[in-house]
């Protein structure tokens, strides 16, 4: 199935409207096109609409910059909106990967400012999350459609076979996800936390998912002590290459709240995707909604839900994963997955 880029497709529509706006001769026609531009404005804040209406930039200039930004999109951190990327003063010189940088956020972290104040900055720092949530949701829908038989079986799971059928579906989805993002994730479905070797330090009936992050190298059986030492040395020198995640979905807890199979299915997929995107933030932060800087600062200020619920949901990785969770469930219901 073709992978559609929601953000790029919207920008192409924007470019088309800008061209029509630039060539329109009648004022009423210009206003009509301008309203269409506002309606599809990708950042949902009317940014481009304002730039045109206030004559900050000419349509021709914006078209040129947006077309250039599309060509260089592979270098753009996903937490940077493509419109902001297009207006970067250094766009012409971008020829490799880079990360977004917020000086104020950096100084707040460096000076050990109040963590709650830092968390307030995360909303602005993840301003592309609405676009990314739509894109990530579309991608999960695409993956689900690639495994229609497994989806159909899972939607009709019984209490007796739920763990096995959900495990099979999540294994397939994890494999697809990791192939696309070149990450390492193992997904586990459990009925309760007590019998799970990897589990949150503190949990309750409401704890339905968990992401465990590891920076250590996992070694295959049969390696000599010398081989293991060499691998450990490499892991210490290049920790990014040895990151691995374990995503756990507690289907038993989910069943306590969602007894109907269809609703259970939606929530289970949502929880799985929520935790998978924590893994993406951990392993490939520039490919998720955060970017490296925000992820690093978020990691220093992160607290568990059991310790401080308000602070937990205000963290950058939780803000983005909850948004993806909500968007995906909405899209699944619309698509009748």
- request: Would you work out the relative contact order for the stretch 120-335, in percent, from Cα pairs under 8 angstrom that are 6 or more residues apart?
  value: 28 percent
- request: Run the quick spin-label model on residue 232 and residue 127: label points 7 Å from Cα toward the beta carbon, then report their separation in nm to one decimal.
  value: 4.7 nm
- request: Before anything else, pin down the relative contact order of the stretch 6-93: Cα pairs under 8 Å, at least 6 apart, normalised by residue count, whole percent.
  value: 27 percent
query: So which residue, out of 86, 309, 276, gets the largest mean-square fluctuation from a GNM of the chain using Cα contacts under 10 Å as springs?
result: 309
- line: Taking 76, 186, 260 and counting other beta carbon atoms within 10 angstrom, the fewest-first order is 260, 186, 76
- prompt: Computed FRET efficiency, Cβ-Cβ of residue 181 and residue 25, R0 30 Å: what is it to the nearest 0.05?
  reply: 0.05
Per residue convex hull volume, Cα atoms of the stretch 6-93, in Å³: 88 Å³
FRET E, pair residue 214, residue 90, Förster distance 35 Å, beta-carbon r, rounded to 0.05: 0.45
- request: Neighbouring Cβ atoms within 10 Å as the yardstick, rank 211, 274 fewest first.
  value: 211, 274
- prompt: Sorting 178, 208 on the 10 Å Cβ count, fewest up front, what's the list?
  reply: 178, 208
message: Between residue 54 and residue 195, how high is the FRET efficiency from 1/(1 + (r/R0)^6) when r is the Cβ-Cβ distance and R₀ = 45 Å? Nearest 0.05.
response: 0.15
- request: Measure of size requested: the Rg and Dmax of the chain, with Cα atoms as the atom set and Å as the unit; please supply both.
  value: 22.3, 78
- prompt: So which residue, out of 155, 300, 25, gets the largest mean-square fluctuation from a GNM of the chain using Cα contacts under 10 Å as springs?
  reply: 25
field: Inter-part distance where the stretch 36-95 and the stretch 231-267 are each reduced to a Cα centre, Å
entry: 35 Å
Inter-label distance for residue 224 and residue 159, nm, one decimal - labels placed 7 Å from Cα along Cα-to-Cβ: 5.5 nm
- line: Label model pair residue 112, residue 310: point-to-point distance (7 angstrom along the Cα→beta-carbon line) in nm is 2.4 nm
- prompt: If you take the square roots of the eigenvalues of the alpha-carbon gyration tensor of the stretch 166-230 and sort them as a ≥ b ≥ c, do you get rounded (a/c under 1.5), prolate (a/b over b/c) or oblate?
  reply: oblate
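Since every read-out is calculated from the coordinates, none of them should be taken as a lab result. Predicted, not measured: the structure shown is a model, and the values here were computed from it. Note that each Cβ is placed from the backbone with ideal geometry, even for glycine, and that neighbours are counted across all protein chains shown.
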